[in-house]
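Data first, discussion second: the structure below is written as C-alpha cells.
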Amino acid sequence: MSRETSDASVPAYIDPSKPSIARVYDAFLDGEDNYEVDREVVRRVRKAAPEARDLAVENRAFLIRACRFLARQAGVTQYLDCGSGLPTAENVHQVVQRVAPDARVVYVDNDPLVLAHGRALLEENESAVFVAADIFEPERLLDDDTVKSRLDWSEPIALLQLGTLHHYNGEDTRTRKDIMRAYIEALPSGSYVAISHFLDPEDEYSATARKMEEMFLHSMMGSGTFSTQDELRELFNGLDMVPPGLVRCADWWPDGPHLKALNAAQRSIAGGIARKA
Ligand code: SAM
C-alpha cells in the first residue's frame, strides 16, 4: 500500500500546487502527509545526492537525542519548539514527557497541515499545545498569550530551532543571528538553545552540499541554505556550547560507533546545544 497521500483528497486549507517545507520534510522521512509537488522537490535534491534523505533522518535522530539529553541530563521541563514539523515518530513531547511526565511543550509552526494534525495529536495532552505563528518574528512570538502563559519565563526553557533556520530567506533585512539573539535575550538564565542546520562541510563533500542547496533553492519550495561551521557558530551568539559543541548531527552523542563512513548528506547537517549562564 502506498504511504503517500493521494492528491485527490486534499483538505480545503491546503494548496497542493505548491510544496510546503513541512510536507517536503515529511516526504524525505517517508511519511504519509505529502503530495506529488512535495515529492518532486525530494526527487530533485536526490539528483544532487541519492542519499539526500539522510539529511532529514540525521536531523530527526539528533532532535530525539537532544531532547532526551535536555530532559534527562539538563533537567529541563519547558520546551519552545520553533517549527515543529508534522507529527512523526517521535515527537518532542513524547520524548521529554517519558522522562518528566509534566514537562510542558509549546509547539510553533505556520503550516496549516502541521497545525491540524498537531492539534489532533495533542487533544488529550494538557501539557503540550500548538501555536500558529511566524518563528522568524521572535518579538511577536514571544508576546503571544499562549507562549507567555504556558511557559514560566522565570525558569529554564529549552528553545529548539531544529531544521528551521536554513529556510529563512530574509537575511537582507534581518540576519538569522539577530533573530536568535532576540530569542536568547528573552530566555531565563539556565536555559538551553538547540539548533540544527544544513552544513557546507568545506571538504571534498562541499560540492555535493552546494548542489543540494541549489536544488532546494531553485525548487518551487525556494529555501534551504547550507552554511559553514563558522556561520553556524554565530547563531549561538556566544553562548557556552555543551560538549561536543557544534558538530555533524550524526556525531552528536550517537547511539554507538559509526561502522560505516558517513555519506555526503550525513556530512551536510550539523547540530549543537548551548546553555545560557
Ligand atoms: N523541527 C522539526 C525537525 O527538526 O524534525 C521539523 C523541521 S521541518 C524541516 C521545518 C518546519 O518549520 C516545518 O514544519 C515548517 O512548516 C516550519 N516553518 C518554516 N518556516 C516557518 C515560519 N516562518 N514560521 C513557522 N514555522 C515555520
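Could you check region 43-59 and list, in sequence order, the residues that are open to solvent by 10 Å² or more (accessible area, probe 1.4 Å), part of a helix (DSSP H, G or I) and either without any contact (Cβ under 8 Å) to a residue 12 or more places away in the chain or within 12 Å of the ligand (Cβ to nearest atom) (or both)?
Arg43, Arg46, Val57, Glu58
To keep it simple, each residue is scored yes or no on (1) touching a residue at least 60 places away in the same chain (Cβ under 8 Å); (2) closer than 18 Å to Tyr79 by Cβ; (3) surrounded by 15 or more Cβ atoms within 10 Å (Cβ to Cβ); (4) of a type in the set (S, T, N, Q).
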residue: Leu160; (1), (2), (3), (4): yes, yes, yes, no
residue: Ser191; (1), (2), (3), (4): yes, yes, yes, yes
residue: Pro201; (1), (2), (3), (4): yes, no, yes, no
residue: Leu217; (1), (2), (3), (4): no, no, no, no
residue: Gly222; (1), (2), (3), (4): no, no, no, no
residue: Gly256; (1), (2), (3), (4): no, no, no, no
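May I ask you to verify whether Leu113 is within 19 Å of Phe226 (Cα to Cα), open to solvent by less than 20 Å² (accessible area, probe 1.4 Å) and touching a helix residue (DSSP H, G or I) at 6+ places or on another chain (Cβ under 9 Å)?
In short, no.
How many residues, within region 132-142, are more than 8 Å from the ligand (Cβ to nearest atom) and surrounded by 20 or more Cβ atoms within 10 Å (Cβ to Cβ)?
Selection size over region 132-142: 2.
Can you tell me which residues in region 1-16 are outside any helix (DSSP H, G or I), of a type in the set (D, E, K, R) and either at pLDDT below 70 or in contact with a Phe, Trp or Tyr (Cβ under 6 Å, 6 or more places away or on another chain) (or both)?
If the condition is that a residue be outside any helix (DSSP H, G or I), of a type in the set (D, E, K, R) and either at pLDDT below 70 or in contact with a Phe, Trp or Tyr (Cβ under 6 Å, 6 or more places away or on another chain) (or both), then Arg3, Glu4 are the ones that fit.
From the residues in region 143-183 that are touching a strand residue (DSSP E or B) at 6+ places or on another chain (Cβ under 6 Å) and away from the ligand (no atom under 15 Å from the Cβ), which one is nearest to Gly272 (Cα to Cα)?
Ranking the candidates gives Ile157 first.
Quick grid of which residues meet (1) open to solvent by 20 Å² or more (accessible area, probe 1.4 Å); (2) free of Cβ contacts under 8 Å to residues at least 12 places away in the same chain; (3) under 23 Å from Ala56 (Cα atoms):
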site: Asp81; (1), (2), (3): no, no, yes
site: Pro87; (1), (2), (3): yes, no, yes
site: His93; (1), (2), (3): no, no, yes
site: Gln97; (1), (2), (3): yes, no, no
site: Val108; (1), (2), (3): no, no, yes
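The values are calculated or read from the model by the stated rules, or taken from the named source; none is laboratory data. These numbers come from a predicted model, not from an experiment. With ideal geometry, Cβ positions are generated from the backbone for all residues, glycine too; neighbour counts draw on all protein chains shown. These area figures cover heavy atoms from the full protein model, side chains too; ligands, DNA and RNA do not enter into them. Shrake-Rupley method; radii C 1.70, N 1.55, O 1.52, S 1.80 Å.
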